[in-house]
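**Q** Got a structure for you, written out below as structure tokens; questions coming shortly.
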């Protein structure tokens, strides 16, 4: 059995669950890219793969995750190629895809499932959509991340595993292709598995709510945003958006536009002269 998740934190909690139940024994792998952001056009062709790689290089350049793309630590296409080869070699192998109700997991599911149609009947989905679980304090809650679920609760969740249907193998890739054709950069989960899309600056307006007239470190602002906002995304993407806003003079900046702790920001005061951003550091 091969278990697939979409977040590093999910690997740890699911690994603990597997230790509790022999019937779950198997290998864990993670789809690492965040398909809820970024370009999708020609996503399975070399041109699209290269375009997405180049976009991530731009987003991560000069920040806390600078050079991550060049290191090759994220190569989902290689992962899927190895997975398909393994399924072809061993026709008894089964795959369980674990996903929670969030845009990151659902986008990853769509990207993945579109490549596994040849293995219909051997691919199972555990989509924990709007399902109650019991937390460590004994209270009922509705998780939006798999990592929020106590390991013991996964022993109940396994009963929800079901094969991906032939209909889903036909409809879901078509839906993903439709989204890719819209050439937008932000995906939002509307409910169930329904995704809609927004422009690349979608999160900017919400970020501005946390930018006041006093200087605040970029890392602190991003932390506030992630802990309070309903629509969130990765900190690397938010850092890039702050840099984009700064380079356009939409916010005031002091310090070097590099890592999250390297600069402070505040709102541009009306009728005040905008503080220029040195071109060399506005990445």
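The values are calculated or read from the model by the stated rules, or taken from the named source; none is laboratory data. Keep in mind that what you see is a predicted model, and the values were worked out from it rather than measured. Here the Cβ is made from the backbone with ideal geometry for all residues, glycine too, and neighbour counts use every protein chain on show.
**Q** Which pairs turn up if I take residues in segment 82-104 that are closer than 12 Å to residue 26 by Cβ and look for partners that are modelled with pLDDT of 95 or more and assigned to a helix (DSSP H, G or I) with beta carbon separation below 6 Å, at least 6 apart in sequence or on another chain?
**A** 93/87
**Q** Residues in segment 113-134 that are within 12 Å of residue 164 (Cα to Cα) and either in a loop (DSSP other than H, G, I, E, B) or touching a strand residue (DSSP E or B) at 6+ places or on another chain (Cβ under 8 Å) (or both): how many?
**A** 12
To keep it simple, each residue is scored yes or no on (1) closer than 21 Å to residue 186 by Cβ; (2) in a helix (DSSP H, G or I).
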position: 34; (1), (2): yes, no
position: 48; (1), (2): yes, yes
position: 54; (1), (2): yes, yes
position: 59; (1), (2): yes, yes
position: 69; (1), (2): yes, yes
position: 73; (1), (2): no, no
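Yes/no matrix, rows are residues, columns are (1) in contact with a helix residue (DSSP H, G or I) (Cβ under 9 Å, 6 or more places away or on another chain); (2) part of a helix (DSSP H, G or I):
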{"site": "153", "(1), (2)": "yes, yes"}
{"site": "171", "(1), (2)": "no, yes"}
{"site": "178", "(1), (2)": "no, yes"}
{"site": "189", "(1), (2)": "yes, no"}
{"site": "197", "(1), (2)": "yes, no"}
{"site": "206", "(1), (2)": "yes, yes"}
{"site": "212", "(1), (2)": "no, no"}
{"site": "221", "(1), (2)": "yes, yes"}
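**Q** If I ask for residues that are exposed (fewer than 13 other Cβ atoms within 10 Å of the Cβ) and modelled with pLDDT of 90 or more, which ones from segment 117-141 would you list?
**A** 118, 121, 140
**Q** Next question. Please go through segment 88-108 and pick out each residue that is touching a helix residue (DSSP H, G or I) at 6+ places or on another chain (Cβ under 8 Å) and either surrounded by fewer than 19 Cβ atoms within 10 Å (Cβ to Cβ) or under 17 Å from residue 167 (Cβ atoms) (or both).
**A** 93, 97
**Q** While we're on this one: Considering only residues that are surrounded by 14 or more Cβ atoms within 10 Å (Cβ to Cβ), more than 20 Å from residue 111 (Cβ to Cβ) and under 19 Å from the mean Cα position of the chain (by Cα), which ones fall in segment 149-200?
**A** The one that is surrounded by 14 or more Cβ atoms within 10 Å (Cβ to Cβ), more than 20 Å from residue 111 (Cβ to Cβ) and under 19 Å from the mean Cα position of the chain (by Cα): 149.
**Q** Going by the structure shown, is residue 70 farther than 18 Å from residue 114 by Cβ, modelled with pLDDT of 95 or more and assigned by TED's automatic domain parsing to the domain that holds residue 146?
**A** no
**Q** Could you tell me whether residue 230 is outside the structural domain of residue 131 (by TED's automatic domain parsing), exposed (fewer than 13 other Cβ atoms within 10 Å of the Cβ), out of contact with any strand residue (DSSP E or B) (no Cβ under 7 Å at 6 or more places or on another chain) and closer than 30 Å to residue 251 by Cβ?
**A** The answer is yes for residue 230.
**Q** For segment 50-64, enumerate the residues that are closer than 17 Å to residue 183 by Cα and either in contact with a strand residue (DSSP E or B) (Cβ under 8 Å, 6 or more places away or on another chain) or surrounded by fewer than 15 Cβ atoms within 10 Å (Cβ to Cβ) (or both).
**A** 50, 54
**Q** Is it the case that some residue within segment 31-41 is at pLDDT 95 or above and over 25 Å from residue 239 (Cβ atoms)?
**A** no
**Q** Same structure again: So which pairs qualify, if the first residue must be in segment 204-219 and closer than 19 Å to residue 233 by Cβ, the second must be in a loop (DSSP other than H, G, I, E, B) and modelled with pLDDT of 95 or more, the Cβ gap must be under 6 Å, and the two must be at least 6 apart or on different chains?
**A** Qualifying pairs under 6 Å: 218/260; 219/260; 219/261.
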